[in-house]
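The values are calculated or read from the model by the stated rules, or taken from the named source; none is laboratory data. All values reported here derive from a predicted model rather than from experimental measurement. No Cβ is skipped: glycine too gets one built from the backbone with ideal geometry, and neighbour counts run over all protein chains shown.
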Amino acid sequence: MQNHILSSLSSEDRSSLLANLEEVELKSRQELEQPDHQIDYAYFIEAGIAAVLLVSGKDRIALGLIGCEGASGIALFLGNSQSPHSTVMLTAGRASRIRTDDLQTAMEQRGELKRLLLRYSLAFYNQTAHTALSNAMTVMEQRVARWVLMTHDRFAGNTVPLTHEIISYMLGARRAGVTEALNKLQANKLIQVARGSIHVLDRKGIEALAGHFYGIPEKEFVRLVGTFWPPILPDIANGV
């Protein structure tokens, strides 16, 4: 199991899901949830990244990311069957998915499974709260730094599949402003921008730039879900 929620389950709770889990490949830009539509599946992401987007008219902005640490379908975990938000794959990936009815049955039968999914929902809420704080209080370079770190957390290696277009899409910002911010990070030798990707050169330097707008949700994830993630952050894993 490469998904942190599934790997955190007891053997009994995991067994209650396994018969109904289906391995699926996910395409870039594939929509896992549509605003105000019935949610058919929860996706436990194993590879790739999805973004939860706040949709208002023609405007969209990212509330948070889901990678191998989490799952889509948070509205289901909280007892509802639809959400006003959209959940879209930013990259190709794969997941174990489960039908809504099967998940709800498992949650009713397995109390610890339900409690874990509720704790994960709180962890994701913490991420969205810090997104709102970051959007309100930071300059563009700090916002970009935070999203680079969050994407880096969800990929092995130091090359992350972020483009100017994807970052602009997540931040709801003009591409020119994102390009200027990336150029500043590159000039300070924090990243190297390539076609279709960003190479992280100085993780600690990017963390210093992001400041306290990054790190608290990640620590809360460890506390609530009980798995050491992100694995590249030993300070978080050690509770520092």
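Quick look at the values:
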{"read-out": "Cross-chain or 6+ apart pairs with Cβ under 6 Å, region 171-188 first and surrounded by 14 or more Cβ atoms within 10 Å (Cβ to Cβ), then of a type in the set (Asp, Glu)", "value": "181/141; 184/141"}
{"read-out": "Of the criteria (1) modelled with pLDDT under 95; (2) surrounded by 14 or more Cβ atoms within 10 Å (Cβ to Cβ); (3) of a type outside the set (A, V, I, L, M, F, W, C), which one residue 235 fails", "value": "(2)"}
{"read-out": "Test: residue 133 is surrounded by 21 or more Cβ atoms within 10 Å (Cβ to Cβ), touching a residue at least 24 places away in the same chain (Cβ under 8 Å) and assigned to a helix (DSSP H, G or I)", "value": "no"}
{"read-out": "Those helices (runs of 4 or more DSSP H) lying entirely in region 166-229 with at least 1 residues within 16 Å of residue 64 (Cβ to Cβ)", "value": "203-210, 216-225"}
{"read-out": "Lone qualifier among 28, 15 - being at pLDDT below 95, loosely packed, with under 14 Cβ neighbours inside 10 Å, of a type in the set (Ser, Thr, Tyr) and outside any strand (DSSP E or B)", "value": "15"}
{"read-out": "Pairs, first closer than 18 Å to residue 46 by Cα and without any contact (Cβ under 8 Å) to a residue 24 or more places away in the chain in region 1-19, second among the aliphatic types (A, V, I, L, M) and not in a helix (DSSP H, G or I), C-beta under 8 Å, six or more apart", "value": "14/1"}
{"read-out": "Selection from region 58-97 of residues that are small (Gly, Ala, Ser), more than 20 Å from residue 160 (Cα to Cα), surrounded by fewer than 17 Cβ atoms within 10 Å (Cβ to Cβ) and in contact with a Ser or Thr (Cβ under 9 Å, 6 or more places away or on another chain)", "value": "81"}
